[in-house]
1. So how much accessible area does residue A:38 have, in Å² to the nearest 10, using a 1.4 Å probe?
2. When the solvent-accessible surface of protein heavy atoms is calculated with a 1.4 angstrom probe, in what order do B:100, A:5 fall, highest first?
3. Going by amide H atoms built from the backbone, whose H comes under 5 Å of the H on residue A:86, apart from near neighbours?
4. Are there any GluC sites (Glu not before Pro) in segment B:15-100 that are in a DSSP loop and have at most 16 other Cβ atoms within 10 Å? List them by number.
5. Between segment B:8-41 and segment A:53-114, what is the separation of their alpha carbon centroids in Å?
6. Determine how large the accessible area of residue A:48 is when every protein chain is in place; take a 1.4 Å probe and give Å² rounded to the nearest 10.
7. Per residue of segment B:58-75, in order, report the coupling 6.51 cos²θ - 1.76 cosθ + 1.60 (Karplus, θ = phi - 60°) as ³J(HN,Hα) in whole Hz, putting x for Gly and Pro.
8. Starting from segment A:5-114, pick out the GluC sites (Glu not before Pro) whose DSSP state is loop and whose Cβ has at most 16 other Cβ atoms within 10 Å.
Amino acid sequence: DAGITQSPRHKVTETGTPVTLRCHQTENHRYMYWYRQDPGHGLRLIHYSYGVKDTDKGEVSDGYSVSRSKTEDFLLTLESATSSQTSVYFCAISEAGTGVEKLFFGSGTQLSVL
Amino acid sequence: AQSVAQPEDQVNVAEGNPLTVKCTYSVSGNPYLFWYVQYPNRGLQFLLKYITGDNLVKGSYGFEAEFNKSQTSFHLKKPSALVSDSALYFCAVRDSSGNTGKLIFGQGTTLQVKP
């Protein structure tokens, strides 16, 4: 399995509080992604990064921000959590452009916003 | 814009029977197509991919997928299902807007294999 660690694995928080999810990789892959998984929607891309301090928005980026200060860490922040952000969040990594055209996923973070 | 559709929320099959999980796609240009599997409380695991070449792609755990350009389909198949194949399956297409590796996922299909 690819070396991807997500923390925390579970989080319960209240509406309006800030929340940060962490993704740590030991593979030295250039690309990192944050997806959310919701029933009936599959996985939807929130943000992604193509290098240190290089990030871009995905299809559902409103209410989320990200940071990547080191190759191995990609942080997802909910500035003011809302109930609609209750979801399972997955981090993924890849070496896009090298011919290894696949994503490796972490085990996910279950976030509940009450 | 690229997209994939999985028309079945759930597929039920008896152990030992062949299984098919359907996927159709819409892309501009050549498609890069993938299948992933998710077991309960786990992240997604790569099964197989189609980039170019043979229309029949073989992957992990005895799965294969058939690329059909005229029908814009990429159905996942296995000749003989196992109870342990029960899981959530996702079809995906690579986003062609730049070489960023982003994948666009279908809604997912739950495969239930009964003994």
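The values are calculated or read from the model by the stated rules, or taken from the named source; none is laboratory data. None of these values were measured; they are calculated from a predicted model. Cβ atoms come from the backbone with ideal geometry, glycine included; neighbour counts cover every protein chain shown. Note: accessible area is taken over every heavy atom of the protein model, side chains too, but ligands, DNA and RNA are not part of it. Shrake-Rupley method; radii C 1.70, N 1.55, O 1.52, S 1.80 Å.
1. So the heavy atoms of residue A:38 present about 20 Å² to solvent.
2. Ranking B:100, A:5 by accessible area, largest first, yields A:5, B:100.
3. A:113
4. Details: sites: B:15, B:64, B:66; in loops: B:15.
Listed in order of number, the matching sites are B:15.
5. Their Cα centres are 24 Å away from one another.
6. Only protein atoms counted, so the area is about 10 Å².
7. Those phi angles translate into 9, x, 6, 6, x, 7, 9, 9, 10, 8, 10, 5, 5, 9, 6, 10, 8, 7 Hz.
8. Working: sites: A:14, A:27, A:59, A:72, A:79, A:95, A:101; in loops: A:14, A:27, A:59, A:72, A:79.
Of the GluC sites (Glu not before Pro), the ones in loops of segment A:5-114 whose Cβ has at most 16 other Cβ atoms within 10 Å are A:14, A:27, A:59, A:79.
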